[in-house]
1. Name the single residue that is farthest from residue 45 (Cα to Cα) among those in segment 1-24 being in a loop (DSSP other than H, G, I, E, B) and either in contact (Cβ under 8 Å) with a residue 60 or more places away in the chain or among the hydroxyl-bearing types (Ser, Thr, Tyr) (or both).
2. With (1) part of a loop (DSSP other than H, G, I, E, B); (2) in contact (Cβ under 8 Å) with a residue 12 or more places away in the chain; (3) within 11 Å of the chain's Cα centre (by Cα) as the list, and residue 40 as the residue in question, which single condition is left unmet?
3. Residue by residue through segment 8-22, note down the ones that are surrounded by 10 or more Cβ atoms within 10 Å (Cβ to Cβ) and modelled with pLDDT of 90 or more.
Amino acid sequence: MRETWSDATTGAYLFDHIDAEPRYLVIAFDHEQQHRAVVADNLRAQPMTELSP
């Protein structure tokens with residue numbers, strides 16, 4: 001569906017305009033190969049409650 005990079009300091013990330021109804025499979029990996037990939041399934045998008053500066 002989408003791909004994004006997280007903030008290097010905070011780990012924060014954002015996906016705009018994602019449908020909240022379907023369930024998603026999410027895969028996160030470290031491009032510097034210091035950590036193993038993390039996989040989570042059956043996730044639903046949740047709307048943001050506040051915006052970060």
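The values are calculated or read from the model by the stated rules, or taken from the named source; none is laboratory data. Keep in mind it's a predicted model, so treat the numbers as computed, not measured. Here the Cβ positions follow ideal geometry from the backbone for every residue, glycine too, while neighbour counts run over all protein chains shown.
1. Per the criteria, the residue is 9.
2. Every listed condition holds for residue 40 apart from (1).
3. Across segment 8-22, the qualifying residue is only 22.
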